[in-house]
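A.B. asks: Got a structure for you, questions after.
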Amino acid sequence: MDYEEKLTDDFKWGEFWSNSASGKKIEPPFSLKENIIMVAKELQKIRDEIGKPIRINSGWRTEEWNKAVGGSKTSYHLKGLAADIRVYIPQKELLVYIGRFTEFKGIGISSSFIHVDLRNKLIFWYY
């Protein structure tokens, strides 16, 4: 797959690749592409509403990278169903857009990013 391949109008395949200890980006397995596309489509809904870029800090993660960053062993990042994002609008405003326009049910709030994922049950937490 091509790093620059567009999944939606504003999100590329490569934005969801995992970081690694070596600094090299690692491409997700093709079997997770549909999950990642679902996340990209939900993020695109927010992007379309706010009209501002969304930075993906972390999309899919390898098990090694997930462990290195202190992620849960059951992290939705491992399944290609999550993203940690940063948008340059107030977090409270971003949360309204997430709740109103997307299917994201897992929402984690930190001072520097918001985690969103496509789990089945609504849950919020703070880092």
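A.B. asks: For region 56-65, name all the residues that are over 9 Å from the mean Cα position of the chain (by Cα) and surrounded by fewer than 20 Cβ atoms within 10 Å (Cβ to Cβ). Step through it out loud before you land on a result.
C.D. replies: Within region 56-65, the first condition is being over 9 Å from the mean Cα position of the chain (by Cα), and the residues that meet it are 61-65.
Of everything in region 56-65, those that are over 9 Å from the mean Cα position of the chain (by Cα) and surrounded by fewer than 20 Cβ atoms within 10 Å (Cβ to Cβ) turn out to be Thr62, Glu63, Glu64, Trp65.
A.B. asks: Give region 111-127 a look and list any residue that's assigned to a loop (DSSP other than H, G, I, E, B) and in contact (Cβ under 8 Å) with a residue 60 or more places away in the chain, or say none. Steps first, please.
C.D. replies: Just the residues of region 111-127 that are assigned to a loop (DSSP other than H, G, I, E, B), to begin with: 111-113, 118-122, 127.
The answer is Leu118, and nothing else.
A.B. asks: Taking region 52-78 only, how many residues are assigned to a loop (DSSP other than H, G, I, E, B), small (Gly, Ala, Ser) and either within 16 Å of Asp117 (Cα to Cα) or in contact with a helix residue (DSSP H, G or I) (Cβ under 6 Å, 6 or more places away or on another chain) (or both)?
C.D. replies: Result for region 52-78: 4.
A.B. asks: Let me ask you something else. Given the criterion more than 16 Å from Ile26 (Cβ to Cβ), more than 11 Å from the chain's Cα centre (by Cα) and not aliphatic (A, V, I, L, M), identify the matching residue among Glu42, Glu93.
C.D. replies: Glu93
A.B. asks: Let me ask something additional. Pick from region 109-127 the residues that are under 11 Å from the mean Cα position of the chain (by Cα) and over 21 Å from Glu34 (Cα atoms): which of them is surrounded by the most Cβ atoms within 10 Å (Cβ to Cβ)?
C.D. replies: To start, the set of residues in region 109-127 that are under 11 Å from the mean Cα position of the chain (by Cα) comprises 113-118.
Then keep just the ones that are over 21 Å from Glu34 (Cα atoms); that gives 113-114.
Details: Phe113: 19, Ile114: 21.
Only one residue fits best here, namely Ile114.
A.B. asks: Only one residue in Glu15, Glu49 is of a type in the set (Asp, Glu), farther than 26 Å from Met1 by Cα, touching a helix residue (DSSP H, G or I) at 6+ places or on another chain (Cβ under 9 Å) and not in a loop (DSSP other than H, G, I, E, B), so which one is that?
C.D. replies: Of the residues listed, the single one that is of a type in the set (Asp, Glu), farther than 26 Å from Met1 by Cα, touching a helix residue (DSSP H, G or I) at 6+ places or on another chain (Cβ under 9 Å) and not in a loop (DSSP other than H, G, I, E, B) is Glu49.
A.B. asks: Can you work out which of the residues in region 84-93 that are in contact with a strand residue (DSSP E or B) (Cβ under 9 Å, 6 or more places away or on another chain) and within 17 Å of Tyr127 (Cα to Cα) is surrounded by the most Cβ atoms within 10 Å (Cβ to Cβ)?
C.D. replies: Asp84
A.B. asks: Also, quick follow-up: Tell me the residue from Ile46, Ile36 that is surrounded by 17 or more Cβ atoms within 10 Å (Cβ to Cβ) and under 15 Å from Phe101 (Cβ atoms), please. Talk me through it step by step, then tell me what you get.
C.D. replies: On the way: Ile36 fails: under 15 Å from Phe101 (Cβ atoms).
On inspection, the qualifying residue turns out to be Ile46.
A.B. asks: With the structure loaded, tell me whether Pro53 is out of contact with any strand residue (DSSP E or B) (no Cβ under 9 Å at 6 or more places or on another chain) and at pLDDT 95 or above or whether it fails that test.
C.D. replies: Taking the combined requirement at face value, the residue does not satisfy it.
The values are calculated or read from the model by the stated rules, or taken from the named source; none is laboratory data. Being a predicted model, the structure only gives us computed values, none of them experimental. Glycine also receives a Cβ, built like all others from the backbone with ideal geometry; neighbour counts cover every protein chain displayed.
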